[in-house]
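Structure record follows, encoded as C-alpha cells.
The values are calculated or read from the model by the stated rules, or taken from the named source; none is laboratory data. Remember, predicted model here, so these are calculated numbers, not experimental data. With ideal geometry, Cβ positions are generated from the backbone for all residues, glycine too; neighbour counts draw on all protein chains shown.
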Amino acid sequence: MRTPGRPMRNPLAEAAVQRRRALVAFLAVFALLAVLAGRFAWLQVFSYEEFHTRSEANRIKARPIVPARGLIYDRAGRILADNVPAYRLDVVREDAGDLDEMVARLREVIDLDEDDARAFIAAARARRSFQPVTVKLRLSDIEVARFAVNRHRFPGVEVVPYLNRHYPHGELFAHVVGYVGRIDTADLARVDPARYSGATHIGKTGIERYYESRLHGQVGIEQVEINAEGRALRVVGREPAHAGQDLYLSIDAELQQAVVDAFEGQPGAAVVLDPRNGEVLALASLPSYDPNPFVSGIGQAAYAALLDSPSRPLFNRVLQGGYEPGSTLKPFVALAGLEYGLRTPRDTTLSTGAFRLPGQEREYRDWRRGGHGAVNLNEAMAQSVNTYFFQLAVDMGIERLGAYLGQFGFGEATGIDLLGEASGVLPSPQWKRANRSLPWYPGETVIAGIGQGFWVVTPLQLAQATQMLANGGIRYPPHLLRATQARFDAPPVPEGWPAPGPSMVKNPANLQAVTQAMVQVLHGPTGTARATLAQFELDYTVAGKTGTAQRVSRRGEQALDVNQLPVAQRHNALFIAFAPVEAPRVAVMVVVEHGGSGSAVATPVALRIVDAWLRRNPA
C-alpha cells in the first residue's frame, strides 16, 4: 500500500541510473588503467635506456683505484721512498649528511683533533659531493676496530686500505727526495682532478714534487654492486690502475751519510758531482728535518718549532742559500785573465799588504800583514794573495770579468731537477743600476775580483763551476734522475738529459795552469790548506781552493780574531775541490756557516767527502 505523499519507485529508471554510473566508473577506471599502461610503456619501452642507466647507477657504484706511487731508489738500488700498508677513513659528502654533526659523532669513535677536523671539512666542501675525501690517515688497529662496531652509525664513511709513503732514511734525504702531503685546494687547482680521483697525497717538495707526473701513475676504476644500505656486495667490473714509475737517482746513500758525518753537526751545505756527466752524487743541507710527519699531516706545534728554529732546518741551503764565494772565486778569475791574455802563469804581481786604486786613499788589504812579495799564479793561488786578483780584476774590468764568469753559470739557475732554485747575483753595472739605482764604482771591481761585494752564489752554482774546471770547461747541468722503470716492466734505461755544449776554454793550457795552481793550495809548501792535508793519508792528488767569506771586517790595523766574535758574525768557511787531478771523478763544494776559516774548517770536511767516495770507487 503506498504511503500518502511519497512518490512511487521506478525500478526501470533506477536501473538506468545504475548503468550510467557503472559506465562512468568503468570509463574512469579504464582511463586510469590506460594512463598507467601508457606510463609503464613510457618507462619500460621508450625511456628504458635512461632508467636502466639510473638503476644501474644506484646498484653499481664506481670506485677509483688509486695507483701505487712509484718508489725512489739511490744509484745502488737502496730504497729512499717506500710505500707501506695503512688504513684511512674516507667520507662521501652526499651520503654522509651534515658534515659538522658527522664529525662530532666520529670524534666519539676515533681520535680526531680540531686541526684534522677543520682541514677535512674545508677539503670536503672544496670537492664535488660524490668524491671521497679523507678525514683521517693512518688509523690505528684500535680505531679500525671501534669504527667497525659503529659502522651502521656512519653512512658514507668507510675504512679504506692504502699505501702510505715512508722515508726510511728520515732526515738524511729530506732536501733531495722531499715529501708528499695531503692534497689541498691549491694542489687541486694545478692537477687534473680526474687523474687524482680518490688520491689523498701529492708531491710537495723535492723529487716527489718535481717528478710528480711520473710517480703518481694512472688511476683505475672498480665497479661494485651495492645494496640499499650502501654495502658492497660484489665487484662486477674492474679497470686496473697503473703504478707510477720507479725512479733511480744518481745519489749514493753511503756517500750522503758520509757527507753528513763529515760536518760533525756544523750547519752548512755540500754538493758532490761527477764531473764527467753532471750526476749529483750527494747533496746535503744541514741541519735537516724528518719528512715522515709531513706525510700524514704534521701538527701545528711541531711545524711552528721547525719554522721558528734559528738553524732553519726547512731551508734548502744548496738551492736557495746565498753566499759570497770569497776566495773560491779566484781560480775562475785567474782563468779569465789567462784566457783574455792579460796574464801568463809566470807574470808576477807585488803584494805589499795593501792595494790602492790610483788617486784613492782607501786600502784593500791582503790577509797577511806586510804582504806576500812578488807572486806568480801558483803562489797567488796557493797563498790566496788578494792583491794579485785585485789588480787582475781592475785590468780586466767588471764587464769582461762578468762576461767570462757568466759562462760558468754564475748569476743563473743551474736547471737541476728540483724546484725553488735561486739564481744568485753576478755583479755588473747593469745589475746594480737595476737593483740599487746607483752607478758602479771602481772599488767595487776591486773586491769583485776576490768574490766579495755584490757576489751571491748558491752551493750548487759553485759546485757546477768547479766541475767545469775538472772536466775541461764543459758545462753539464747537474741532475739527480739517473733512470726510470715502470713497475713490473723493462729494466731501467738511462734518462735523457740536455746534451752539454762545447768547452768554454779556448786554450787548454790555461786551464792546466789554473789546475796546477789549485794543486799548490793543498800539496805546495806554501799552500793555505797544506796543514789540513797533512792530517790525511791520500794516495791521489787533489786540486782545491779555500775561501773565507767575511761577514765582519777588521778596523784599522787591529787584527780580527774571528773566534772571539759571536757565532752569527763569524765568517763562512768554503772549499772547492776535484780529484784525482789526472782524471777527475769527483768534484765537491762545501760551505760551513760561521765556520770562521776555509782552510781549517771547510777543507777537512771536503777531504773526508772526497776520500769517502774515491776509496769506494777507486777507478
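The table that follows gives values for the structure above.
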read-out: Condition check for Leu36: more than 30 Å from Gln218 (Cβ to Cβ), assigned to a helix (DSSP H, G or I) and at pLDDT 80 or above; value: yes
read-out: Selected residue (only one of Ala76, Ala122 is of a type in the set (A, V, I, L, M, F, W, C) and modelled with pLDDT under 80); value: Ala122
read-out: Arg127 being surrounded by 14 or more Cβ atoms within 10 Å (Cβ to Cβ), of a type in the set (D, E, K, R) and modelled with pLDDT of 85 or more; value: no
read-out: Which numbered condition Leu314 fails, given (1) in a loop (DSSP other than H, G, I, E, B); (2) without any contact (Cβ under 8 Å) to a residue 12 or more places away in the chain; value: (2)
read-out: Qualifying positions in the range 276-294 - in contact with a Phe, Trp or Tyr (Cβ under 6 Å, 6 or more places away or on another chain) and either surrounded by 24 or more Cβ atoms within 10 Å (Cβ to Cβ) or not polar (S, T, N, Q) (or both); value: Gly278, Leu286, Pro291, Phe294
read-out: Flag if Pro267 is over 22 Å from Leu306 (Cβ atoms) and not basic (Lys, Arg); value: no
read-out: Members of the range 71-85 found to be closer than 21 Å to Ala174 by Cβ and in a strand (DSSP E or B), listed by number; value: Ile72, Tyr73, Ile79, Leu80, Ala81, Asp82, Asn83, Val84
read-out: In the range 517-541, residue surrounded by the fewest Cβ atoms within 10 Å (Cβ to Cβ) [restricted to those that are within 14 Å of Met381 (Cα to Cα) and in contact with a strand residue (DSSP E or B) (Cβ under 8 Å, 6 or more places away or on another chain)]; value: Val519
read-out: Residue satisfying all of: in the range 250-274; among the small types (Gly, Ala, Ser) and in a strand (DSSP E or B); farthest from Asn572 (Cα to Cα) among these; value: Ala270
read-out: Residue identified as modelled with pLDDT of 90 or more, in the same structural domain as Thr466 (by TED's automatic domain parsing), over 22 Å from Gly595 (Cα atoms) and β-branched (Val, Ile, Thr) among Val505, Val493, Val521; value: Val505
read-out: Any chance Val133 is on the phi < 0 side of the Ramachandran plot and buried (at least 18 other Cβ atoms within 10 Å of the Cβ); value: yes
read-out: Meets criteria (surrounded by fewer than 21 Cβ atoms within 10 Å (Cβ to Cβ), outside the structural domain of His571 (by TED's automatic domain parsing), aliphatic (A, V, I, L, M) and out of contact with any Leu (no Cβ under 9 Å at 6 or more places or on another chain)) for Ala302; value: no
read-out: Hits in the range 232-249 (condition: assigned to a loop (DSSP other than H, G, I, E, B) and either of a type in the set (A, V, I, L, M) or at pLDDT 95 or above (or both)); value: Ala241, Ala243
